[in-house]
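Taken together, the values in this text are just the output of simple stated rules run on the coordinates, not laboratory data. Because the structure is a prediction, the values reported are computed rather than measured. Cβ coordinates were reconstructed from backbone atoms using ideal geometry, including for glycine residues, and neighbour counts include every protein chain displayed.
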Amino acid sequence: MKVFKQATMMVAIAFIALLLASCTSTKDLNQYMLFQNGRDTLATTLKETIIQPYDLLSIQVLSKSINQEQTALFNLFNAGTGVTSSTSSIGSSAVKGGDNLPIGYQVSTNGNIEVPLVGEVKAAGLTKQQLQTVLTQKLSSYVKDPMVNIRFLQYNVNVLGEVRQPGIKSFPTDRVTIIDALSAAGDASDYARRDNVQVIREENGRRKFYTVDLSNSRALFASPAFQLQANDIVYVSPSNSKIRTMNTNPEGQRKTALILGLISAASFITNLIINWNR
């Protein structure tokens, strides 16, 4: 009878442990339920990207007239990637070529680009549309009825932390959101805290930190960090369970579990023998 009671007690303990584990799993699953809070219809408008120092721009100049030869000088830096590595004598803001390097107009530390014949033009702090307007006015002395088209050649975001594929992610457009960045990184890992995603951004020479909660759609889409800027850093924090795992010694855990298992088995066998001999 005592053996039966002991066996029943062990089954009950195992059942309680399983119940507690299931409760913990349910609690942990809440972090995977994205966009659940504040699911009202929201009007989200992505803003025009502001040009920053070190941005690399493609500036294509055309003319509304038949004669397009007058624009050739201004389009040298957009001709392709197969230029030589020697420094171009026209425009110091052009990137030196190479087989794998994009070329274009690079914004200097002071926020300027250097355009052939025109000279330095302030670019940082302007949107693409604003810079197009400025260049159209300045090029009108050299090109008849000029048209200017500008796009970003390198729009990079660095994604780090608990994601499946961390690293620098490049995008063909400047309208990049934090969702785009996480998708490019293969989504957050199973050990990520989706309610504590950090965005680190440099503005006017100072670093700003934003916290994004992916589980709250209203806060997410209203966050100034929802739309990313070039060279932003997105850091996905680890969950508490991951931190506890990192702070423990796996080999020590295995040994402790083995010893406790042996002690439990030995105790059960001993009690079984004692009760059998009575």
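Tabulated data
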{"item": "Trypsin sites (Lys or Arg not before Pro) lying in DSSP loop within the range 135-173, provided at most 14 other Cβ fall within 10 Å", "result": "LYS144, ARG164"}
{"item": "Distant-in-sequence amide H partners of GLY104 (H built 1.01 Å from N, under 5 Å)", "result": "VAL95"}
{"item": "Mean separation of Cα contacts under 8 Å, 6 or more apart, over the residue count of the range 147-197: relative contact order %", "result": "35 percent"}
